[in-house]
Amino acid sequence: MGFFVMTNGLTSDALVLFGATGDLARRKIFPALYAMLQHGRTLPPIVCVAYSPGWDLEKVRAHAHDGIAQFGGGVDEAVFRNLSSLLTYINGDYEDPATFEELRRALEGRSRPLHYFAIPPSMFPVVVRGLASANCTENARVVVEKPFGRDLESARSLNATLYEALPESSIFRIDHYLGKEAVQNILYFRFANSFLEPIWNRNHIRQIQITMAESIGVEGRGRFYDSVGAIRDVLQNHLLQVLALLAMEPPLGTSAEAIRDEQAKLLKAIRPLEPGDIVRGQYEGYRNEEGVARGSDTETFTAVRFFVDSWRWAGVPFIVRTGKKLPITTTEIRAEFQLPPQRVFALSEAGPLATNYLRMRLSPTVSIALGARTKNAGDRMVGRPVELYVCNNHPDEMSAYERLLGDALDGEAMLFARQDAVEASWNVVEAVLSHRDPAYTYEAGTWGPQEADLLLAGGRWHNPRPPQG
Ligand code: BG6
């Protein structure tokens, strides 16, 4: 559940899972459904749909079991039996109207289905039209996965297809970062405290860095990834959403729309990128990954300098980077405050005076730290950097998919991307999707190509420390 409960109707009374035999269902959706049952939530019947010759209900159940065992942290067989009993399966071609006729029969007696599109975006229009012509869109909601389109134009046309059958309030565009506990905490920390707001602006902040690092490579997703790259895979969605929550104005009220209005406003204020604002990289060996084109120029790393053209943030660089095969897996924000105006205590055993900073680690641990200096005991005015640190981990934390799926079933829209926000994000990256320098090669296990330093104008990257324990 989001911060603020804002439902647009009753809870869905059926879940239709398109793409039930795929990887997303196995890794994320079945484990999320299982966790919901484990946490005591009641689920409606789940109609699995896919076009996978040779599959039947038993095979889908085994697929779900396997996903929960591998990605859900183990299986309690009693909970799994409960999930299993809710499943039915339709094996059918999405191009064939008979598939949707069968679905309509399976939904007999159900009036508010939630359709989850865990399928390639190229299939969305086919499925939406199939659903509409079989009368399966009335009172329905749909969940669509990111990336929503490949650029501004395709996002608009995809949306137009959805609007043929559904209103905006029934469309739930998933960006799983919005469902993460730590990402919600950005908003909470900013607006549940009063000390930060007076200094959270260009007068006091000199730079914000965001690093989303992954030590893994493309992990068997070569074909998909090669057609997408880091800009479309995570920058346009996850990272711009994080930036929006960090930089947006306080919402006027607590409704989902009040928050989404501010997110969208902020995204619209980000200056569209130009080729000089971005450096792209590709890890050595990427072109040998299965499914990747031998001469591929797809980026597995990107570093970007954003500016937000608003009164609050004018002139403050937001430096964002993300990459595969980097030294560690972590996502971290670091906001640097201005230096003290005068060097009263220039003497330091740890080098020149460092700036104060606010560090928010979003994964794998959830923590917040304030970087400051304190004096060393003794008669000299010499100090050291310290962190005031709080760790916010909860052992039984809800996964992002569990939270988002629950919200979609309940019609709570706050943690989903609205179309104007999606379009604003595409607009930010649009120019560099086609006009850009070739990707620089970097060695796996490093922090990306050195060319990324050029974005810092003499500053330096703050490489997140490895997670402890
Ligand atoms: C997905 C991307 O949306 O997010 C993946 O497609 C990426 O490439 C993943 O690995 C990262 O998510 P998380 O939750 O592991 O940080």
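The values are calculated or read from the model by the stated rules, or taken from the named source; none is laboratory data. Fair warning: this is a prediction, and the values are worked out from it, not measured in the lab. All Cβ positions, even for glycine, are placed from backbone atoms using ideal geometry, and neighbour counts span all protein chains on display.
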Taking only the range 213-263 into account, find how many residues are basic (Lys, Arg), outside any helix (DSSP H, G or I) and away from the ligand (no atom under 13 Å from the Cβ).
0
If you go through the range 126-179 one residue at a time, how many are within 30 Å of THR330 (Cα to Cα) and in contact (Cβ under 8 Å) with a residue 40 or more places away in the chain?
18
It is to be established whether one or more residues within the range 82-90 are within 22 Å of SER170 (Cα to Cα) and either of a type outside the set (A, V, I, L, M) or part of a helix (DSSP H, G or I) (or both).
no
All positions within the range 324-380 that are more than 17 Å from ARG460 (Cβ to Cβ), part of a strand (DSSP E or B) and modelled with pLDDT of 90 or more:
THR330, THR331, LEU358, MET360, ARG361, LEU362, SER363, SER367, ILE368, ALA369, LEU370, ALA372
Mind checking which pairs have a first residue in the range 273-293 that is at positive phi and a second that is in a helix (DSSP H, G or I), Cβ under 9 Å, 6 or more apart or different chains?
GLY291/GLY222; GLY291/ARG223; GLY291/PHE224; GLY291/TYR225; GLY291/ASP226
Which pairs turn up if I take residues in the range 249-266 that are hydroxyl-bearing (Ser, Thr, Tyr) and look for partners that are not in a helix (DSSP H, G or I) with beta carbon separation below 9 Å, at least 6 apart in sequence or on another chain?
THR254/PHE3; THR254/PHE4; THR254/MET6; SER255/PHE4; SER255/MET6; SER255/MET414
Being free of Cβ contacts under 8 Å to residues at least 24 places away in the same chain and outside any helix (DSSP H, G or I), is that true of even one residue in the range 39-48?
yes
